Amino acid sequence: MSIRLNKLLSAAGIASRRAADELIRQGRVEINGRVVRELGTKADLEHDEIRVDGRRLPLPAAHRYLLMNKPAGVVSTRSDPQRRTTIADLLARAGIDGYFYPVGRLDYDSEGLLLITNDGELAERASHPRYGLPRTYEARVEGVPDDRDLDRLRRGVMIDGRKTQPARVHVIRVAGSKRGPQSILELTIHEGRNRQVRRMCDAIAHPVSRLRRTRFGPIADARLGPGQLRDLTPHELRALREAVAEPAVRLKAPGPRPKSAR
């Protein structure tokens, strides 16, 4: 059966559908020896030979969904030009091979829960802003934000000319340090812009000294140690799929029945 090429690439764990479209535009995909650049092209893995960057596309592997507690000092990519440790290195050490990629990346200095999968379609949905999947972070910041600062975070601050969406923010506790008081904040946001929590806190002049993601959508695990990973449970996977499911089509309620003529 012929299937759209971007869906085949996604199912094989090569890239999300959106990223697969970019591979096609760049002329990096071949079908039966012919470079394909037209989006929407269909192919059949049983009858067609598909290659990406010269490598033959394998039959789709069984989907797997992993939860990792990413330590600080690890890059959320498969490779790094600076030769820093990547999540691919951690997967290899755990004996897990195949093409996996992260959902909702964490920057190099941040730590916490990271979803990793070879299911390109679910990964794209969980990352897409239209679904507004909540992400909860624990941030240690310099100083003690006052009520006005916290309200600014809740209402949104400007980053790169765009206001952040409303967030849930509260102070967990205030702790002392050699540099003075520091506050532990819990923030829940619904977008995944680059270094967003750090930049939000910079905007109120309380920079982050440590950042940890404690929840991704419906998934949390306080017992998972730094560098550890595990498969999602069936319950967690079901909850995640429900969180990024397309909204059901709402049927228009019928109007009142017309009165019969007498």
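Tabulated values for the structure
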item: Count of residues meeting criterion [out of contact with any Cys (no Cβ under 8 Å at 6 or more places or on another chain) and either within 11 Å of residue 201 (Cβ to Cβ) or among the β-branched types (Val, Ile, Thr) (or both)] in segment 125-144; result: 6
item: Inter-residue pairs, beta-carbon under 7 Å, first closer than 13 Å to residue 9 by Cβ and open to solvent by 90 Å² or more (accessible area, probe 1.4 Å) and in segment 26-55, second in a strand (DSSP E or B) and at pLDDT below 90, 6+ apart; result: 42/3; 42/4
item: Positions within segment 174-199 being part of a strand (DSSP E or B) and closer than 24 Å to residue 240 by Cβ, in sequence order; result: 186, 187, 188, 189
item: Residue check, residue 171 assigned to a strand (DSSP E or B) and touching a Cys at 6+ places or on another chain (Cβ under 7 Å); result: no
item: Selection from segment 119-149 of residues that are open to solvent by 20 Å² or more (accessible area, probe 1.4 Å), out of contact with any helix residue (DSSP H, G or I) (no Cβ under 9 Å at 6 or more places or on another chain) and among the hydroxyl-bearing types (Ser, Thr, Tyr); result: 127
item: Given (1) more than 18 Å from residue 141 (Cα to Cα); (2) part of a loop (DSSP other than H, G, I, E, B); (3) modelled with pLDDT of 95 or more, index of the condition residue 230 fails; result: (2)
item: Filter result (within 20 Å of residue 13 (Cβ to Cβ), of a type in the set (S, T, N, Q) and open to solvent by less than 20 Å² (accessible area, probe 1.4 Å)) within segment 69-118; result: 76, 86, 117, 118
item: Enumeration of residues in segment 168-195 that are within 26 Å of the chain's Cα centre (by Cα) and at pLDDT below 95; result: 190, 191, 192, 193, 194, 195
item: Hey, residue 202 open to solvent by 60 Å² or more (accessible area, probe 1.4 Å) and part of a helix (DSSP H, G or I) or not; result: yes
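Results for (1) within 24 Å of residue 128 (Cβ to Cβ); (2) open to solvent by 20 Å² or more (accessible area, probe 1.4 Å); (3) in contact (Cβ under 8 Å) with a residue 60 or more places away in the chain, shown as yes or no for each residue.
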site: 161; (1), (2), (3): yes, yes, no
site: 171; (1), (2), (3): no, yes, no
site: 178; (1), (2), (3): no, yes, no
site: 184; (1), (2), (3): no, no, no
site: 188; (1), (2), (3): yes, no, no
site: 193; (1), (2), (3): yes, yes, no
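The values are calculated or read from the model by the stated rules, or taken from the named source; none is laboratory data. Just so we're clear, the structure is a prediction, and the values are computed from it rather than from any experiment. Cβ: placed from backbone, ideal geometry, glycine included. Neighbour counts: every protein chain shown. Accessible surface areas use protein heavy atoms only, side chains included; no ligands, DNA or RNA. Shrake-Rupley method; radii C 1.70, N 1.55, O 1.52, S 1.80 Å.
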